[in-house]
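**Student:** Quick one: this structure, given as structure tokens, is what I'll be asking you about.
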Amino acid sequence: KTQQKIKELFGREEAEVHFFAGGTQANATILSSFLRPHQAVIALDTGHIYANEAGAVEGCGHKVIPCRSFPKSQGKIQAEMVLEVLKNHGSDHVVEPKALYISNSTELGTIYTKKELEDLHSICQKYQLIFYLDGARLGNALASEGNDVEWTDLLNYFDAIMFSATKNGALYGEVAIFKSPQKGFRRLMKQKGALMAKTFAIAMQLEVLLEDGLYMQLARHSNQMAQKLKKGLEKLQYDFYSDSLTNQLFPVFPVHIIKELKKEFAFLQMFSWGEEKEVCRLVTSWATQEREIESFLNTIAKLKG
């Protein structure tokens, strides 16, 4: 029943749906199902499979080829980056790029436009690359202001997609959806330790989340809380590393402010930015309340003086 709901959400009756306990497990299993031992996946160097999953894909025997990000790219892989990798991997002495990985929303909270997805899809078609979407925060991307991509657009571009229940209200669980049936994929899941005995527990959570638009309602709420926080920080004249429209923000704070904020709030310090400043990562969720945003803004306003 839940699988059918997901097929309807994506507008693709012939799609194949599988449930995973977590995103790292899903990314590694899905990508390894497409790749032969000598083949690799292209990703941005901020991409989760390269930067944050302890080499899970490479642990399956497939190199992740990183494209170097820069502030202007805003966490999104550019068409020219992919072409450069392909140009530099034409020899039989190096791995063969066979898949392109992106995340939406990105690790910097930004989103891909339909035009950007079309351009990347065209490259994948031309060079016979598998196009894979890590949608750990896909709901946040599709619920954000300025988004022009629909659920039913996605499988026109991607060969496979992972989207998250965990980051949008569920206790655990992620969903893998393939454009078309994949022979033997459940056996691969079993081999990777990903075929759970009680998959119905994931499906039950998704069934509720997909009822009456709840999934998107929760994603929209977390985005709204983040944008309220962003506007408040902008009024206090703080800068941001990326122009996020979703639930992840990357403000630049003085080190002495960070030290005091850490006494009351939990957040990540990412990297240094000039002298005595650091880029931080603030994340709101489906459960974030307005009073929590106001508390943070009031605290930082007092610290700034």
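The values are calculated or read from the model by the stated rules, or taken from the named source; none is laboratory data. Owing to the predicted nature of the structure, the values given are computational and were not obtained by experimental measurement. Here Cβ is always computed from backbone atoms with ideal geometry, including for glycine, and neighbour counts include all displayed protein chains. Only protein heavy atoms, including side chains, enter the accessible area calculation; ligands, DNA and RNA are left aside. Shrake-Rupley method; radii C 1.70, N 1.55, O 1.52, S 1.80 Å.
**Student:** State all residues of segment 37-55 that are assigned to a helix (DSSP H, G or I), surrounded by fewer than 22 Cβ atoms within 10 Å (Cβ to Cβ) and either touching a residue at least 24 places away in the same chain (Cβ under 8 Å) or out of contact with any strand residue (DSSP E or B) (no Cβ under 7 Å at 6 or more places or on another chain) (or both); if no residue qualifies, say none. Give the derivation first.
**Tutor:** Step one: filter segment 37-55 for residues assigned to a helix (DSSP H, G or I), giving 48-51.
Still in the running and surrounded by fewer than 22 Cβ atoms within 10 Å (Cβ to Cβ): 48, 50-51.
Of everything in segment 37-55, those that are assigned to a helix (DSSP H, G or I), surrounded by fewer than 22 Cβ atoms within 10 Å (Cβ to Cβ) and either touching a residue at least 24 places away in the same chain (Cβ under 8 Å) or out of contact with any strand residue (DSSP E or B) (no Cβ under 7 Å at 6 or more places or on another chain) (or both) turn out to be His48, Ala51.
**Student:** Got a sec? Which of Leu195, Leu133 is among the aliphatic types (A, V, I, L, M), modelled with pLDDT under 95 and not in a helix (DSSP H, G or I)?
**Tutor:** So the residue among Leu195, Leu133 that is among the aliphatic types (A, V, I, L, M), modelled with pLDDT under 95 and not in a helix (DSSP H, G or I) is Leu195.
**Student:** Return only the number of the condition from (1) at negative phi; (2) open to solvent by less than 20 Å² (accessible area, probe 1.4 Å) that His93 does not satisfy.
**Tutor:** So His93 meets the others, but not (2).
**Student:** Let me ask something additional. Within segment 124-140, can one find any residue that is in contact (Cβ under 8 Å) with a residue 60 or more places away in the chain and acidic (Asp, Glu)?
**Tutor:** Checked segment 124-140: at least one residue is in contact (Cβ under 8 Å) with a residue 60 or more places away in the chain and acidic (Asp, Glu).
**Student:** If you go through segment 135-151 one residue at a time, do you hit one that is among the acidic types (Asp, Glu), within 30 Å of Gln224 (Cβ to Cβ) and either open to solvent by less than 50 Å² (accessible area, probe 1.4 Å) or touching a Cys at 6+ places or on another chain (Cβ under 9 Å) (or both)?
**Tutor:** The answer is no; no qualifying residue exists.
**Student:** What are the residues in segment 152-170 that are open to solvent by less than 30 Å² (accessible area, probe 1.4 Å) and closer than 25 Å to Ser32 by Cα, if any?
**Tutor:** Asp153, Leu154, Leu155, Tyr157, Phe158, Ala160, Ile161, Met162, Phe163, Ser164, Ala165
**Student:** Can you confirm whether Val82 is modelled with pLDDT of 95 or more, β-branched (Val, Ile, Thr) and under 30 Å from Ile202 (Cα atoms)?
**Tutor:** no
**Student:** Restricting the first residue to segment 294-305 and requiring it to be of a type in the set (Val, Ile, Thr), which pairs with a second residue that is open to solvent by less than 80 Å² (accessible area, probe 1.4 Å) meet a Cβ separation below 7 Å and a spacing of at least six or different chains?
**Tutor:** Thr299/Leu261; Ile300/Leu236; Ile300/Ile257; Ile300/Leu261
**Student:** Turning to a different aspect of this structure: Could you tell me which residue of segment 250-288 is surrounded by the most Cβ atoms within 10 Å (Cβ to Cβ), considering only residues that are of a type outside the set (A, V, I, L, M), within 24 Å of Asn140 (Cα to Cα) and free of Cβ contacts under 8 Å to residues at least 60 places away in the same chain?
**Tutor:** Pro251
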